[in-house]
1. Of everything in region 125-174 that's touching a residue at least 40 places away in the same chain (Cβ under 8 Å) and of a type in the set (D, E, K, R), which residue is nearest to T32 (Cα to Cα)?
2. Going by the conditions given, is D143 under 29 Å from L188 (Cβ atoms) and of a type in the set (D, E, K, R)?
3. Based on what the data block shows, is G54 touching a residue at least 60 places away in the same chain (Cβ under 8 Å) and more than 22 Å from E141 (Cα to Cα)?
4. Name every residue in region 106-132 that is crowded, with 22+ Cβ neighbours inside 10 Å and assigned to a helix (DSSP H, G or I), in order of residue number.
5. Any residue in region 133-147 that is touching a Lys or Arg at 6+ places or on another chain (Cβ under 6 Å), surrounded by 20 or more Cβ atoms within 10 Å (Cβ to Cβ) and under 22 Å from L192 (Cα atoms)?
6. Quick one: in region 16-35, of everything that is in a helix (DSSP H, G or I) and more than 13 Å from the chain's Cα centre (by Cα), which residue is surrounded by the most Cβ atoms within 10 Å (Cβ to Cβ)?
7. Consider R35 carefully, then state whether it is in contact with a helix residue (DSSP H, G or I) (Cβ under 7 Å, 6 or more places away or on another chain) and at pLDDT 95 or above.
8. So for region 66-74 (the condition being among the hydroxyl-bearing types (S, T, Y), touching a residue at least 12 places away in the same chain (Cβ under 8 Å) and surrounded by fewer than 19 Cβ atoms within 10 Å (Cβ to Cβ)), does at least one residue qualify?
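The values are calculated or read from the model by the stated rules, or taken from the named source; none is laboratory data. None of these values were measured; they are calculated from a predicted model. Backbone-built Cβ (ideal geometry, glycine too); neighbour counts: all protein chains shown.
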Amino acid sequence: MANEKQNLKKIFLSASIPEETEKKYFETLDRTNIRDAIKALASVIIAKANLVYGGQPVITRLIHEVVSTQEPEASGNIILYQSEFFEDFFPEENHLFLNKIFTPKLDSKSESLKLMRESMIKEHDYYAGVFIGGMNGVQKEFDLFLATHPNAKILPIANTGGAANIIYTNHKSELDSGLKTELGYMSLFRSLLEL
């Protein structure tokens, strides 16, 4: 991780696309908004902060789309975590990121994911956490993030649906209403992250 830029603020991203079998999350899913929000977040912060996330293949491909349009050193601002449990499914875009952290494969998928989440969230001092779409894993990451970084900015992008919508609903009295209504994600992130 030698290329990580230590003086930059760290933004945690927790995101995924809900599956149809997970009705609670799938019923509010907006795939277009998830895609647009992830790409906007990466575009806004790529040169100004470290983006830390768990490397789900779809999310990695979206972030790579943004990074590939930037100066080559921009990928050094991304910190990608993955569990070796999923080694057979790592996306080919992985090799384009300079900072990759692999957590060991444990006895089960759930134990392996738990270790990766704890490492990803507890090993950094975060300025903000952004939550986009997602299912139970995003809710778990939110709970751990909130407990570990109580003073960090929290941005659940409610109009992406899924877990982010549930998180926003449960905390809306403390949050900016733009997280529910604003579709101009680049403006939203510039305003709320104040980078």
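1. Across region 125-174, the extreme among qualifying residues is E141.
2. Details: under 29 Å from L188 (Cβ atoms): yes; of a type in the set (D, E, K, R): yes.
The answer is yes for D143.
3. Values: touching a residue at least 60 places away in the same chain (Cβ under 8 Å): yes; more than 22 Å from E141 (Cα to Cα): no.
Against the criterion (touching a residue at least 60 places away in the same chain (Cβ under 8 Å) and more than 22 Å from E141 (Cα to Cα)), G54 does not qualify.
4. M116, M120, I121
5. Among the residues of region 133-147, at least one is touching a Lys or Arg at 6+ places or on another chain (Cβ under 6 Å), surrounded by 20 or more Cβ atoms within 10 Å (Cβ to Cβ) and under 22 Å from L192 (Cα atoms), which makes the answer yes.
6. That would be Y25.
7. Yes; evaluated as a whole, the condition is true for this residue.
8. yes
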